[in-house]
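Only one structure is covered here, and it is reproduced in the block below.
The values are calculated or read from the model by the stated rules, or taken from the named source; none is laboratory data. Remember, it's a predicted structure, so these values are computed and weren't measured experimentally. Ideal geometry is used to build each Cβ from the backbone, glycine not excepted, and the neighbour counts take in all protein chains shown. Accessible surface is based on the protein model in full, side chains and every heavy atom, while ligands, DNA and RNA are left aside. Shrake-Rupley method; radii C 1.70, N 1.55, O 1.52, S 1.80 Å.
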Amino acid sequence: MNSNDFSNAHKISIRTLRFYQHLNLIQPIKANGVFLYDKRCENDIKLIKRLKLCGFTLAEITEWMKYVRSRDIDEKEKKKYYLSQINKKEVLANLNQSLLNDKIKKLDDLINGSKDSKLHLISGSSLDMIPLLCCPDCGQNFEYKNISIINNMIFEGNASCKCGYSLLIKEGIIIAQLNSSLSKLQPLTNNGETSKLNDNEVSLIHKNFNWITNKLKLIDIKEKVIFENSINVISYLNTGIKLMNTGAKYIIADSDYQVIIEIKNRIEALDLTLSILYIVCPSLNYPIRTGSIDILLDYYSSEIFQKYNIPTLANGIKKLLKKNSYIIGVFSYLKKGNKTLKNNRSLYPDSYWGRYQLIPFIDNLNKCSIKILDEQNITSVETCDSIDSLEIGEILGDYCFFAKLDM
């Protein structure tokens, strides 16, 4: 079939056909200077038209076609990719964006026409991050109701799954329900916990911060999903986000609603255009789609989760990590002495047996197929006011690690 016959048969212009060929979406055979379109080209154009009707962009269709034609990817992985892409479009459809356009315009006009210059700093969870959400119990998409959107950010609303799981969206924050069958993470009661850190600790944390920043510079983070949780005491993204690529996508989570409000306010003050999902969840059963996270920031988080008998943060949320995702962080461990370990077992008898111990921490990373790419013991301190079980005179070390999920 020649170009004219092919374009007429499939109701596309010659110009569109040539453009698809330029993008390598259609791959005709060229014989004697004439393009010939076979059955494979017909199947390709039918697929392209179906995907366009579903709202896929040409860039997304190009990526889809790479999977279709690849001989290096098995059929199981291909189907998994196709399903994940379709799920994202279904979520956006469920938001019923077309019916919200009028509401968005009115709210945008309200903001743009306001005399209060601070209104443009208000942020919520980004609309383009919503496809990452799904029911953590059954994996299905949520149905959204009573949604309020400003500048492509969700501020208020509800979401629910057919299995009964539900979300509340308040002030731009996704608030997950507690499943009683899962361990609950008690939020730290003092939102000013950083005030507990002494001068030496602040200096050492600054060194660790710089180490992590340098490792993140080794990764192309554009379009990558970066996750950090347990941010009450110490948070990397609290200040580090202004040093990072605005093309990245961020998920910031904690078990305390007020903590998320505070970090959201700080990020708003930076006046950056960012894709962020703010989540409050009382357990590690986050309402996030499996295999969504590209970079996990474990910035002093594992030692907190060890209190709940979780060996490492990566172990607790491994299903959310993509294959070959990066894990970067700092782990505080007991470098000298053993009374602190006894104190911890007395205060927290249900905590992880290897809490504040470096070898069990590294061993667990290895068991999770996480390969250490670089590491450094940067610091050691004899006092740490933020660790209540630390015995006077015993020494803590900070283990910085740059790792990758080797799957």
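Using a Förster radius of 35 Å, what is the FRET efficiency between Trp353 and His206 based on their Cβ-Cβ separation? Nearest 0.05, please.
The computed FRET efficiency comes out at 0.65.
For Ser275, list long-range residues whose amide hydrogen, built 1.01 Å from N in the peptide plane, is under 5 Å from its own amide hydrogen.
Here the answer is Tyr250, since their amide H atoms fall under 5 Å of that of Ser275.
Ignoring ligands, DNA and RNA, please state the percent of accessible area on the range 286-405 from carbon and sulfur, probe 1.4 Å.
The computed percentage sits at 46.
What is the spin-label model distance, in nm, from Leu23 to Asn87 if the labels are put 7 Å beyond Cα along the C-beta direction?
Placing both labels 7 Å along Cα→Cβ, they lie 2.5 nm apart.
Using 7 Å Cα-to-Cβ label points, what is the Ser369/Glu171 separation (nm, one decimal)?
Reported label-point gap for Ser369 and Glu171 is 4.0 nm.
Taking only the C-alpha atoms, wrap a convex hull around the range 283-407 and report its volume per residue in Å³ as a whole number.
94 Å³
Let me check I've understood the local charge: for Tyr20, count other residues with C-beta under 12 angstrom from its C-beta, Lys and Arg +1, Asp and Glu -1. What total comes out?
+3
Rounded to whole Hz and in sequence order, give me ³J(HN,Hα) for the range 314-321 from the Karplus expression 6.51 cos²θ - 1.76 cosθ + 1.60, θ = phi - 60°, writing x for Gly and Pro.
4, 5, x, 10, 4, 5, 7, 7
Which FRET efficiency value, to the nearest 0.05, is calculated for Thr62 and Tyr257 with the Förster distance at 41 angstrom and r the Cβ-Cβ distance?
0.50
Taking 8 Å as the Cα distance limit and 6 or more residues as the minimum spacing, I'd like the relative contact order of the range 229-359 as a percentage.
Contact order relative to length: 23 percent.
If each of Lys222 and Asn4 carries a label point 7 Å out from its Cα toward its Cβ, how far apart are those two points in nm?
If labels sit at Lys222 and Asn4, their model points lie 4.3 nm apart.
How big is the range 253-336 in terms of Cα radius of gyration and Dmax, in angstroms?
Spelled out, the Cα radius of gyration and Dmax of the range 253-336 are 14.2, 45 Å.
From a point 7 Å beyond the Cα of Asn309 in the direction of its Cβ, which residues of the range 128-142 have a backbone N at a distance under 15 Å?
Answer for this model: none.
Over the range 250-375, with the other protein chains present, what is the accessible area per residue in square angstrom, probe 1.4 angstrom?
39 Å²
For a Förster distance of 35 Å, can you work out the FRET efficiency between the beta-carbons of Glu42 and Asp137, rounded to the nearest 0.05?
Computed FRET efficiency for Glu42 and Asp137: 0.25.
Mind jotting down the distance between the C-alpha centroids of the range 237-294 and the range 301-336, whole Å?
Cα centroid to Cα centroid, the span is 18 Å.
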